[in-house]
Amino acid sequence: EKLTGEKAALVERHTADHPGFQDLYLRWANKFVPVYDYQPVAALDGGTVTANIVAGESQPVLPGIVQSRHGKGRVAYVAPALESVFLQTNLREVADVIADLVAQVSPEPAPFTVNAPDGLITNLTVRGVTRVLHLMSSTPVENVRIRLRNSTGRVALLVEGPFEQKGAEITLPRVEAYQAIRFTHEH
């Protein structure tokens with residue numbers, strides 16, 4: 001549903017008053033994330049506005065994030081194109097907003113977390129109870145720490161190399177272009 005009435009007029013006035021650069025921000029958990037491109041909407045019945053787009057630090061201009069229930073789960077509509085902002089700016093605050101949203105609407109916690117230098121790409125594949133976490137990078141990365149959720153037993157590296165395992169935590173001193181970790185997951 002498109003904005004109408006007072007909210008639509010407020011957005012139109014703001015755009016007219018600030019041609020070119022729009023000083024709009026997504027206010028999330030007392031942080032301000034720049035907004036360059038957005039699709040305005042109004043919250044429908046059952047939807048909750050969990051973040052607003054604001055002009056500077058002023059009053060809300062329009063809903064920025066609307067969350068609601070859908071079927072057995074939760075969904076979040078994000079008006080600003082946060083993924084584009086992150087790709088252009090690499091701002092930690094933008095990544096935090098995206099991660100927070102995924103955690104809020106996900107039915108269960110992530111099956112793994114990775115603490116590694118920028119540039120490491122991860123992908124998890126699943127077959128039955130066996131999981132393979134693929135780690136890829138265009139340049140070598142060091143000191144990669146991984147925490148597996150609900151894993152059982154020891155892990156195995158698909159590319160031979162040193163690693164340390166302490167319970168569900170795995171540390172890889174170095175990942176060249178590719179490494180993969182095979183483990184068993186219980187629900």
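The values are calculated or read from the model by the stated rules, or taken from the named source; none is laboratory data. Given the structure is predicted, the values throughout are model-derived calculations rather than measurements. Here the Cβ is made from the backbone with ideal geometry for all residues, glycine too, and neighbour counts use every protein chain on show. What goes into the accessible areas is simple: the full protein's heavy atoms, side chains included, and nothing from ligands, DNA or RNA. Shrake-Rupley method; radii C 1.70, N 1.55, O 1.52, S 1.80 Å.
Give me the one-decimal Kirkwood hydrodynamic radius in Å for the chain, with the sum taken over alpha-carbon pairs. Let's see the in-between values first.
Values: mean 1/r = 0.0520 Å⁻¹.
For the chain, the Kirkwood estimate is 19.2 Å.
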Pop out the carbon and sulfur fraction of the accessible area of the chain as a percent, whole number, probe 1.4 Å.
-> 52 percent
Using a 1.4 angstrom probe, figure out how much accessible area the range 21-106 has per residue, in square angstrom, rounded to the nearest whole.
-> 56 Å²
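Just tell me the longest site-free run in the chain, where the sites are trypsin sites (Lys or Arg not before Pro) in a DSSP loop having at most 11 other beta-carbon atoms within 10 Å. Kindly include the intermediate steps, with their values, before the conclusion.
Values: sites that count: Lys2, Lys72.
Excluding the exposed sites themselves, the longest stretch runs over 73-187.
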